[in-house]
Amino acid sequence: MSKIVEEVLNANGQYAASFGDKANLPMPPGRGFAILTCMDARLDPAKYAGLAEGDAHVIRNAGGRASDDAIRSLVISYKLLGTREWFVIHHTDCGMETFTNEIMGDLLSSSLKTAQLSESGWQDVGTGPGSPDGKYINWLTIKDQAQSVLEDVVRIKSHPLVPAEIPVYGYIFDVKSGKLIEVPEATEAGKTG
Ligand code: ZN
C-alpha cells in the first residue's frame, strides 16, 4: 500500500471512530448555501468559511471557475437540495494565473510528465511523448482575479437554469492573510432581481 493511502486510511479510522451523530445528517445542506471555489491545497473552505459537516455545498475545480460542470452542480444544489445563496471565491496566487490555453496545449503536446515553473514560465523537464489533445480544452485560466470572479458571477446569474432570486456573492481569498476580500462589482452583479 502506498504511504499516502496508508495515511489516509489511518486518518479516516480516527475520524470514523468519533463520527457519532453525523450519521443522522440529512442530505440537504442545513445552512442552505453553496460555495464555488478553487481546488488549491491552501484553501480549506470548511475552515475559512466556518463549515461543519452537513452545512453547505462546496464545489471545487481548478480556479473555482463557473465551468459547465460547476453550473451543473449549482443547479442541482438549489433545484433538488434547496440552497438559496451562493459564493464564488477565487484566490490570490492562483496557479490558473501562471499559464494560458496555448502554454498548456504546448506543454502537454511535448510531454505528459509534470512541468516546472521557472522565472521564464512553465517548462517541460520530462520526456515525451505528449499529446495534442490539450489544445482542444478550454482551461479557463485567470488573468485578473477580480475580473475572473466578476465573469463567473455574471455567467452564473445569466444562466437560464439559475433563478433570479438566488444572490451570488463574489470574493477573493487572500492566501497570505486567510481573509476573504469582497469583489464589490461581482456581488453587485450577483444581486437578486
Ligand atoms: Zn487556485
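The values are calculated or read from the model by the stated rules, or taken from the named source; none is laboratory data. Because the structure is predicted, anything quoted here is derived from the model rather than measured. As a convention, Cβ positions derive from the backbone with ideal geometry for all residues, glycine included, and neighbour counts pool all protein chains shown. Ligands, DNA and RNA are stripped out before the accessible areas are found, and what is left, the full protein with its side chains, is counted by its heavy atoms. Shrake-Rupley method; radii C 1.70, N 1.55, O 1.52, S 1.80 Å.
Of the numbered conditions (1) over 20 Å from the mean Cα position of the chain (by Cα); (2) part of a strand (DSSP E or B), D106 satisfies every one except a single condition; which is it?
It fails just one condition, (2).
Output the number of residues of segment 116-131 satisfying the condition of being in a strand (DSSP E or B), more than 16 Å from the ligand (Cβ to nearest atom) and either open to solvent by 90 Å² or more (accessible area, probe 1.4 Å) or touching a Phe, Trp or Tyr at 6+ places or on another chain (Cβ under 6 Å) (or both).
Taking segment 116-131 first, the residues in a strand (DSSP E or B) are 116-118, 121-123.
Add one more test, that the residue is more than 16 Å from the ligand (Cβ to nearest atom), and what stays is 116, 118, 121, 123.
Imposing the further condition that a residue be either open to solvent by 90 Å² or more (accessible area, probe 1.4 Å) or touching a Phe, Trp or Tyr at 6+ places or on another chain (Cβ under 6 Å) (or both) reduces the set to 116.
The number of residues fulfilling the criteria is 1.
Let me confirm something: among H159, H90, which residue is in contact (Cβ under 8 Å) with a residue 24 or more places away in the chain, in the same structural domain as M39 (by TED's automatic domain parsing) and in a strand (DSSP E or B)?
Numbers: H159 fails: in a strand (DSSP E or B).
Unique residue meeting the criteria: H90.
Sort out which residues of segment 137-151 are more than 13 Å from the ligand (Cβ to nearest atom), assigned to a helix (DSSP H, G or I) and touching a residue at least 12 places away in the same chain (Cβ under 8 Å), and write them in order of number.
Within segment 137-151, the subset more than 13 Å from the ligand (Cβ to nearest atom) is 137-138, 143-144, 146-147, 150-151.
Keeping just the survivors that are assigned to a helix (DSSP H, G or I) gives 146-147, 150-151.
Residues satisfying the conditions are A146, L150, E151.
What is the one condition in (1) touching a Gly at 6+ places or on another chain (Cβ under 7 Å); (2) free of Cβ contacts under 8 Å to residues at least 40 places away in the same chain that M96 does not satisfy?
(2)
Which is open to solvent by 30 Å² or more (accessible area, probe 1.4 Å), of a type in the set (K, R) and either outside the structural domain of K176 (by TED's automatic domain parsing) or within 12 Å of the chain's Cα centre (by Cα) (or both), of K113, K79? Spell out how you get there, then give the answer.
Details: K79 fails: either outside the structural domain of K176 (by TED's automatic domain parsing) or within 12 Å of the chain's Cα centre (by Cα) (or both).
None of the other options fit; the residue is K113.
Out of all the residues in segment 121-141, is one or more closer than 24 Å to D44 by Cα and in contact with an Asp or Glu (Cβ under 6 Å, 6 or more places away or on another chain)?
no
Count, please, the residues in segment 20-47 that happen to be surrounded by 10 or more Cβ atoms within 10 Å (Cβ to Cβ) and away from the ligand (no atom under 16 Å from the Cβ).
Taking segment 20-47 as the starting set, the residues that turn out to be surrounded by 10 or more Cβ atoms within 10 Å (Cβ to Cβ) are 22, 25, 28-40, 42-46.
Cutting the leftovers down to away from the ligand (no atom under 16 Å from the Cβ) gives us 22, 25, 28-34, 46.
Within segment 20-47, residues that are surrounded by 10 or more Cβ atoms within 10 Å (Cβ to Cβ) and away from the ligand (no atom under 16 Å from the Cβ) number 10.
Applying the selection to segment 47-67, what residues are within 24 Å of P184 (Cα to Cα), outside any strand (DSSP E or B) and over 13 Å from the mean Cα position of the chain (by Cα)?
K47, Y48, A49, G50, L51, listed by residue number.
Looking at A52, A62, A16, which is the one that is touching a residue at least 60 places away in the same chain (Cβ under 8 Å) and open to solvent by less than 60 Å² (accessible area, probe 1.4 Å)?
Values: A52 fails: touching a residue at least 60 places away in the same chain (Cβ under 8 Å); A16 fails: touching a residue at least 60 places away in the same chain (Cβ under 8 Å).
Sole residue among the options that is touching a residue at least 60 places away in the same chain (Cβ under 8 Å) and open to solvent by less than 60 Å² (accessible area, probe 1.4 Å): A62.
For segment 62-77, which residues satisfy the criterion of being more than 22 Å from G32 (Cβ to Cβ) and within 14 Å of the ligand (Cβ to nearest atom)?
Of everything in segment 62-77, those that are more than 22 Å from G32 (Cβ to Cβ) and within 14 Å of the ligand (Cβ to nearest atom) turn out to be A62, G63, R65, S67.
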